[in-house]
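Right, one structure below, let's go through it.
The values are calculated or read from the model by the stated rules, or taken from the named source; none is laboratory data. Nothing here was measured: the structure is a model prediction, and the numbers come from that model. Cβ coordinates were reconstructed from backbone atoms using ideal geometry, including for glycine residues, and neighbour counts include every protein chain displayed. For accessibility, only protein heavy atoms count, side chains too; no ligands or nucleic acids. Shrake-Rupley method; radii C 1.70, N 1.55, O 1.52, S 1.80 Å.
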Amino acid sequence: MAANTSLPNLAAPPPPEGTSRRSFLRASAAVASGLAAMAASLAPLRELSDLGSVEEFLQNHYKELTPVEMEQALARIRREVEKQYGLRPHVRDLRPMDGVEFVYCLNLTRCIGCRKCVHACVAENNQSRSPEIQYIRVLKMPNGTFDMEKGDHHYATPTVPEKGFFYMPVQCHQCKNPPCVKVCPVDATWQESDGITVIDYDWCIGCRYCEAACPYFARRFNFAEPKIPKEQINPDMAYLGNRPRHKGVMEKCHFCIQRTRAGKYPACLEVCPTGARKFGNILDPASEVSQILRHKRVFVLKEEVGTLPRFFYYFDV
Amino acid sequence: MNENQKTSAVVTGLTVLFTGMVLAFWMTARGGTVVAHKPSAPVPVFTNTATVRLSVAELTKSGGDVSGLDCYACHTKDKPVAPKFDAAGVLIPSVAHRDVVFSRMNCAACHAPEEKVELKFDAEGKIITPPAHANDVARHGRTIGNDHCFNCHDPANLTELRTAGGKKLKLTESTMLCASCHGPSYRDWESGVHGRRNGFWNAKLGAADRKDCTSCHDPHAPMLPLMKTLPPPDRADLKGH
């Protein structure tokens with residue numbers, strides 16, 4: 001008897017014999033208020049938007065999506081963007097072109113460090129404005145030196161270039177031997193056939209191993225839910241490119257996949273006022289980048305780490 | 001204390017615990033560990049793809065209709081352009097549009113067609129600039145100063161160009177005039193390595209927009225002007241996190 005009454009049997013009222021009406025009511029009220037309190041305590045969970053939808057949770061890996069499943073995923077992204085930013089985006093899944101391998105060349109003689117590329121990239125690729133995420137860092141170093149540890153990327157002189165300094169923008173080098181891809185424990189990032197290393201933002205678990213592995217500080221982590229003003233959203237999106245990301249995933253430069261796989265130049269090149277940035281297909285011998293690799297003095301950053309970058313720096317006269 | 005009282009005590013204890021958890025949860029959820037500040041306002045000048053200036057060729061092609069040209073690469077719409085005049089009421093040409101002002105000057109308004117325009121030099125051999133041309137600045141060449149009008153302009157017709165080899169060119173064909181001295185730059189420009197190309201890298205999908213020399217360089221002072229530095233990245237280390 002004592003064992004039976006130590007806790008009220010919720011599943012089977014009326015109460016077992018030996019319990020008074022008063023104590024039953026008191027216990028019931030206490031349990032009810034306890035449950036109500038628990039429900040209330042869990043209520044904020046319903047408002048957590050960064051948990052993502054069930055559909056997103058159940059979605060398969062990018063490489064294993066059937067065309068129908070990809071259509072469903074794109075439709076879901078369209079719905080989510082429309083709900084969050086109030087505009088219907090143009091989301092596509094662009095695949096690599098045959099016979100194309102992208103290469104980027106940057107002329108250090110021409111770069112003046114104006115940072116237009118940085119801001120055009122943010123606008124094009126729907127990066128979080130707050131907290132701030134930028135794919136390109138422009139290092140300012142004194143002429144005649146090459147110590148990146150002492151490179152200043154916070155310089156704020158009103159005009160550039162400053163006498164006696166050179167400027168070196170650094171972004172994802174789209175390595176042929178990418179350490180970031182090797183360390184990913186879930187295959188959320190991989191190298192495509194046109195040389196772009198991409199991220200499936202729905203598959204990334206946010207462990208940040210890739211950020212630690214990258215020798216170029218190219219990868220960025222969404223520590224908070226990204227904030228982008230509605231009127232600044234770029235509606236031309238790609239699944240592996242600039243579609244809005246959630247808190248807790250990695251992102252990085254993807255050579256503007258939504259532009260370059262449609263034949264256009266990347267946004268950073270489009271705005272560069274001095275023509276320091278060159279982009280194209282290295283497999284086409286007539287392309288600008290082929291010309292540069294044939295005729296100019298090019299080098300890659302941190303050659304000794306063996307990453308084989310597809311991003312070349314060069315000088316000319 | 002009988003069994004019922006024990007039960008009530010346990011349940012009341014649980015209720016208090018849950019209520020406490022509710023309060024704690026709401027305070028952390030609502031009290032807000034807000035990391036972020038307000039997103040910045042849109043600044044179109046960050047993203048426009050126009051060149052730093054407009055060339056004579058571009059203005060000529062526009063036929064006076066500048067609506068298709070991106071004047072707002074440098075000018076902002078809410079701050080209209082205010083032309084500046086000197087004490088005598090003569091327009092001071094802006095640095096970026098100097099060659100436009102040059103080319104639109106009607107030489108015949110001041111110089112009779114048959115008048116021979118002669119350059120005057122001082123005792124040291126430096127050119128004497130007539131007061132009417134005081135605002136025309138020529139700084140072509142970093143060291144030797146290629147600032148003689150007829151090195152590029154045709155003396156017989158100041159609105160046409162003439163290469164050092166004697167070949168006559170229209171103002172809109174200035175690229176070939178530049179090429180007559182700047183061979184390596186022209187070679188690189190031809191292959192797309194020097195200067196700007198916009199639009200499409202893939203010719204099958206669209207056309208590349210190749211800019212002329214004078215789209216970026218002022219022929220009278222070809223060094224690019226200093227440019228405004230856009231804001232640096234946030235200093236996370238100075239914000240206390």
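Residue pairs whose Cβ atoms lie under 6 Å apart, sitting 6 or more positions apart in sequence or on different chains, and linking a residue in the stretch A:240-252 that is over 19 Å from A:Tyr216 (Cβ atoms) and assigned to a loop (DSSP other than H, G, I, E, B) to a partner that is among the polar types (S, T, N, Q) and open to solvent by 10 Å² or more (accessible area, probe 1.4 Å), do not occur here. Picking from residues in the stretch A:178-212 that are touching a Ser or Thr at 6+ places or on another chain (Cβ under 6 Å) and not in a helix (DSSP H, G or I), the one that is most open to solvent (accessible area, probe 1.4 Å) is A:Gln191. Would you confirm whether any residue within the stretch B:147-160 is more than 23 Å from the chain's Cα centre (by Cα), surrounded by 14 or more Cβ atoms within 10 Å (Cβ to Cβ) and at pLDDT 90 or above? No, that holds for no residue. Do we find that A:Cys105 is within 13 Å of chain B (Cβ to nearest Cβ), modelled with pLDDT under 95 and either crowded, with 17+ Cβ neighbours inside 10 Å or closer than 30 Å to A:Ala276 by Cβ (or both) in this structure? Criteria not met by A:Cys105. Only residues that are free of Cβ contacts under 8 Å to residues at least 40 places away in the same chain and in a strand (DSSP E or B) were counted in the stretch B:153-206, giving 12.
Within the bounds of the stretch A:257-270, is there any residue that is in contact with a strand residue (DSSP E or B) (Cβ under 6 Å, 6 or more places away or on another chain) and closer than 23 Å to A:Gly86 by Cα? Among the residues of the stretch A:257-270, at least one is in contact with a strand residue (DSSP E or B) (Cβ under 6 Å, 6 or more places away or on another chain) and closer than 23 Å to A:Gly86 by Cα, which makes the answer yes.
Cβ-Cβ contacts under 9 Å between residues 6 or more apart (or on different chains), taken from a first residue in the stretch A:159-186 that is within 14 Å of chain B (Cβ to nearest Cβ) to a second residue that is surrounded by fewer than 20 Cβ atoms within 10 Å (Cβ to Cβ) and aromatic (Phe, Trp, Tyr), are listed as A:Glu162/A:Tyr155; A:Phe165/A:Tyr155; A:Tyr167/A:Tyr155; A:Val170/A:Phe217. Considering the conditions (1) open to solvent by less than 50 Å² (accessible area, probe 1.4 Å); (2) within 14 Å of chain B (Cβ to nearest Cβ), A:Tyr62 is excluded by exactly one of them, (2). Out of the residues in the stretch A:242-298 that are within 11 Å of another protein chain (Cβ to nearest Cβ) and of a type in the set (Val, Ile, Thr), which is surrounded by the fewest Cβ atoms within 10 Å (Cβ to Cβ)? For the stretch A:242-298, the residue satisfying everything is A:Thr274. Restricting the stretch B:168-227 to residues that are farther than 30 Å from A:Ala262 by Cβ and among the β-branched types (Val, Ile, Thr) leaves a set whose member that is farthest from the other protein chains (Cβ to nearest Cβ) is B:Thr172. How many residues, within the stretch A:119-130, are facing another protein chain (nearest Cβ under 7 Å) and crowded, with 20+ Cβ neighbours inside 10 Å? Result for the stretch A:119-130: 4.
Taking the stated definitions as given, is B:Asp99 modelled with pLDDT under 85 and in a loop (DSSP other than H, G, I, E, B)? I'd like the intermediate steps shown before the answer.
Details: modelled with pLDDT under 85: yes; in a loop (DSSP other than H, G, I, E, B): no.
Considered against the rule, which asks whether it is modelled with pLDDT under 85 and in a loop (DSSP other than H, G, I, E, B), B:Asp99 comes out as no.
A:Arg294 meets each of the listed conditions (1) closer than 21 Å to A:Met168 by Cβ; (2) in a helix (DSSP H, G or I) apart from (1).
From the residues in the stretch A:14-27 that are of a type outside the set (D, E, K, R) and either open to solvent by less than 40 Å² (accessible area, probe 1.4 Å) or farther than 28 Å from B:Val22 by Cα (or both), which one is modelled with the lowest pLDDT? So, considering only residues that are of a type outside the set (D, E, K, R) and either open to solvent by less than 40 Å² (accessible area, probe 1.4 Å) or farther than 28 Å from B:Val22 by Cα (or both), the one modelled with the lowest pLDDT is A:Pro15. Can you find a residue that is closer than 28 Å to A:Arg294 by Cα and either among the small types (Gly, Ala, Ser) or modelled with pLDDT of 90 or more (or both) anywhere in the stretch B:223-238? Within the stretch B:223-238, none of the residues are closer than 28 Å to A:Arg294 by Cα and either among the small types (Gly, Ala, Ser) or modelled with pLDDT of 90 or more (or both). A:Pro215: crowded, with 21+ Cβ neighbours inside 10 Å and either assigned to a strand (DSSP E or B) or touching a residue at least 12 places away in the same chain (Cβ under 8 Å) (or both), yes or no? For A:Pro215, the condition - crowded, with 21+ Cβ neighbours inside 10 Å and either assigned to a strand (DSSP E or B) or touching a residue at least 12 places away in the same chain (Cβ under 8 Å) (or both) - is not met. Here A:Val81, A:Val31 are screened, and the one residue that is of a type in the set (A, V, I, L, M), in contact with a Ser or Thr (Cβ under 9 Å, 6 or more places away or on another chain) and either at the interface with chain B (Cβ under 10 Å from one of its Cβ atoms) or farther than 30 Å from A:Thr274 by Cβ (or both) is A:Val31.
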